[in-house]
1. Is it the case, given these coordinates, that GLU25 is free of Cβ contacts under 8 Å to residues at least 60 places away in the same chain and in a helix (DSSP H, G or I)?
2. Criterion first (surrounded by 14 or more Cβ atoms within 10 Å (Cβ to Cβ) and in contact with a His (Cβ under 7 Å, 6 or more places away or on another chain)) does ALA66 satisfy it?
3. Picking from GLY171, GLY104, which residue would you name as being closer than 24 Å to VAL64 by Cα and over 20 Å from the mean Cα position of the chain (by Cα)?
4. Would you be able to say whether some residue in region 95-103 is part of a helix (DSSP H, G or I) and surrounded by fewer than 11 Cβ atoms within 10 Å (Cβ to Cβ)?
5. Look through GLY126, GLY104, GLY121, GLY72 and report the one residue that is in contact with a helix residue (DSSP H, G or I) (Cβ under 9 Å, 6 or more places away or on another chain), of a type outside the set (Phe, Trp, Tyr) and at positive phi.
6. Could you tell me whether SER41 is at pLDDT 95 or above, more than 30 Å from PRO110 (Cα to Cα) and either under 15 Å from the mean Cα position of the chain (by Cα) or part of a helix (DSSP H, G or I) (or both)?
7. Among the residues of region 106-142, which ones are part of a strand (DSSP E or B), farther than 15 Å from GLU61 by Cβ and among the hydrophobic types (A, V, I, L, M, F, W, C)?
8. Determine the pairs where a residue that is more than 12 Å from THR145 (Cβ to Cβ), located within region 40-52, has a partner that is surrounded by fewer than 14 Cβ atoms within 10 Å (Cβ to Cβ) and not β-branched (Val, Ile, Thr) with Cβ atoms under 8 Å apart, the partner being 6 or more residues away or on another chain.
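The values are calculated or read from the model by the stated rules, or taken from the named source; none is laboratory data. What you are looking at is a predicted structure, and each value in this text was computed from that prediction instead of being measured. Virtual Cβ from ideal backbone geometry, glycine too; neighbours counted across all protein chains shown.
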Amino acid sequence: MKASKKSHRDFVDSIIEQLVEELPEAGAEAIEVIARFSRLSTFLRKPVVDSVARHDLSQAEYNVLAALRRSGPPYHLAPSKVSRSMLFTSGGLTPVLDRLESRGLIERKPDEADRRKLKVGLTEAGLLLHARALDSHVEISKKLTRVLSPEQLEQLNELLRIMMLTFEDPGVE
């Protein structure tokens with residue numbers, strides 16, 4: 001709880017101070033980290049969601065377009081690969097694909113290698129909309145992290161990667 005000794009205190013500092021006072025054995029350092037993650041998530045989520053909503057996209061719709069764009073030309077993937085390559089789960093990919101297809105942002109075509117299967121692909125309109133939404137996403141990401149130096153961003157990313165790997169690959173410790 002080093003931050004509480006400094007002049008700048010955040011909301012979590014006051015909670016942790018109370019916790020340490022009442023339950024000194026509670027493992028405050030770990031709780032402090034998780035509390036900050038939780039609180040930051042609340043602050044970060046809305047601006048990110050709003051940045052893509054300005055382009056009339058839900059977060060799930062943006063994630064589909066982004067997954068297809070990251071796949072490289074010709075920007076086609078099987079629906080199962082779209083789902084696996086998204087940063088967030090869509091809570092049901094088919095309705096998201098239906099909405100994007102009805103807007104002309106994606107198309108579904110039979111897979112040339114196996115016509116029983118479908119491929120999902122970006123249309124020219126989808127590619128253009130993704131580019132505009134990505135610009136907004138990059139802009140808000142930079143704005144939200146501007147208080148950190150490049151070195152601090154790199155360090156934070158490395159620490160977060162260590163934590164993420166424990167969830168994404170349980171064999172990593």
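1. Here the answer is no, as GLU25 does not meet what is asked.
2. Details: surrounded by 14 or more Cβ atoms within 10 Å (Cβ to Cβ): yes; in contact with a His (Cβ under 7 Å, 6 or more places away or on another chain): yes.
Judged against the criteria, ALA66 is a match.
3. From the options GLY171, GLY104, the qualifying one is GLY104.
4. Checked against the condition, which is being part of a helix (DSSP H, G or I) and surrounded by fewer than 11 Cβ atoms within 10 Å (Cβ to Cβ), region 95-103 yields at least one hit.
5. That would be GLY104, the only listed residue that is in contact with a helix residue (DSSP H, G or I) (Cβ under 9 Å, 6 or more places away or on another chain), of a type outside the set (Phe, Trp, Tyr) and at positive phi.
6. no
7. Within region 106-142, LEU118 is the sole residue that qualifies.
8. That search, which allows pairs on different chains as well, returns SER51/GLU139.
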